[in-house]
């Protein structure tokens, strides 16, 4: 009973906070928040409590491999967003996720460092393919009810996966925990309100946070049986916070460099126009 109550309280609080962040800071930030282990983390946690550390660790390993499917989902959505609108983007993203989920099946038993490296490489490749979003996208104006939809949906996923886990087994449970339902809801609302740029911004945000989620899952998968539930999840949370902080710092530096370059180019262009005008006047 205590675990059931915790499921009904913890998951909606996490998703509600992510949704409010998206509303305040824009779709890219919202995608970054949603990419955190807000579903896969609770699933692994509750499975470890209910089914034992070995089961939870195996599910976390499967979720780690499932990060690759998320990267393919983001890529497919983004490439289709400007051509087919959000319905076509959703269909393309779902097809990309399914292809990835099927492709990773042989990799489920690979060593955790190898899986983590594969996630990093796939995510980096996806970020190169996904169209660049405009910086500082404004938060789209959306109905307040969409936050409730996300909270209910996320809670339903966690309750379903953890309830069906004894039948499905740890591998399918871990992969299902990576279903991009919450990201899709966020992207649909963002794209409907602000157009394809906002939908793509959401997907880039998800990709930017995916390595942190993979690091979290790698710690859980590798340490849960040896360290137990409390210590492992504290270490995993510390890991994802550290990784995400490093990524945010790198993104700020990149944006700062890009802004400085753009400013220099703008100044040079203005100088060139001034010189040309002076020549014409002379």
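When the range 214-249 is examined, which residues are found to be under 20 Å from residue 50 (Cα atoms) and without any contact (Cβ under 8 Å) to a residue 12 or more places away in the chain?
Of everything in the range 214-249, those that are under 20 Å from residue 50 (Cα atoms) and without any contact (Cβ under 8 Å) to a residue 12 or more places away in the chain turn out to be 226, 227, 230, 231, 234.
Only one of these is more than 15 Å from the chain's Cα centre (by Cα), modelled with pLDDT under 95 and in a helix (DSSP H, G or I): 232, 142, 153. Name it.
153
With the requirement that a residue be more than 19 Å from the chain's Cα centre (by Cα) and more than 18 Å from residue 238 (Cα to Cα), what does the range 27-66 give you?
Selection gives 46, 47, 48, 49, 50, 51, 52, 53, 54, 55, 56, 58.
Does the range 109-125 contain at least one residue that is surrounded by 22 or more Cβ atoms within 10 Å (Cβ to Cβ), farther than 25 Å from residue 246 by Cα and modelled with pLDDT under 95?
Checked the range 109-125: no residue is surrounded by 22 or more Cβ atoms within 10 Å (Cβ to Cβ), farther than 25 Å from residue 246 by Cα and modelled with pLDDT under 95.
Determine whether residue 194 is touching a residue at least 24 places away in the same chain (Cβ under 8 Å), within 24 Å of residue 107 (Cβ to Cβ) and either in contact with a strand residue (DSSP E or B) (Cβ under 7 Å, 6 or more places away or on another chain) or surrounded by fewer than 22 Cβ atoms within 10 Å (Cβ to Cβ) (or both).
No: the conditions fail for residue 194.
I need a count of the residues in the range 70-91 that are more than 17 Å from the chain's Cα centre (by Cα) and without any contact (Cβ under 8 Å) to a residue 24 or more places away in the chain.
6
What tally of residues in the range 92-117 results from selecting those that are over 25 Å from residue 78 (Cα atoms), in contact (Cβ under 8 Å) with a residue 12 or more places away in the chain and assigned to a helix (DSSP H, G or I)?
Of the residues in that region, 3 qualify.
The values are calculated or read from the model by the stated rules, or taken from the named source; none is laboratory data. What you see is a predicted model, and the numbers here were worked out from it, not measured in a lab. Ideal geometry is used to build each Cβ from the backbone, glycine not excepted, and the neighbour counts take in all protein chains shown.
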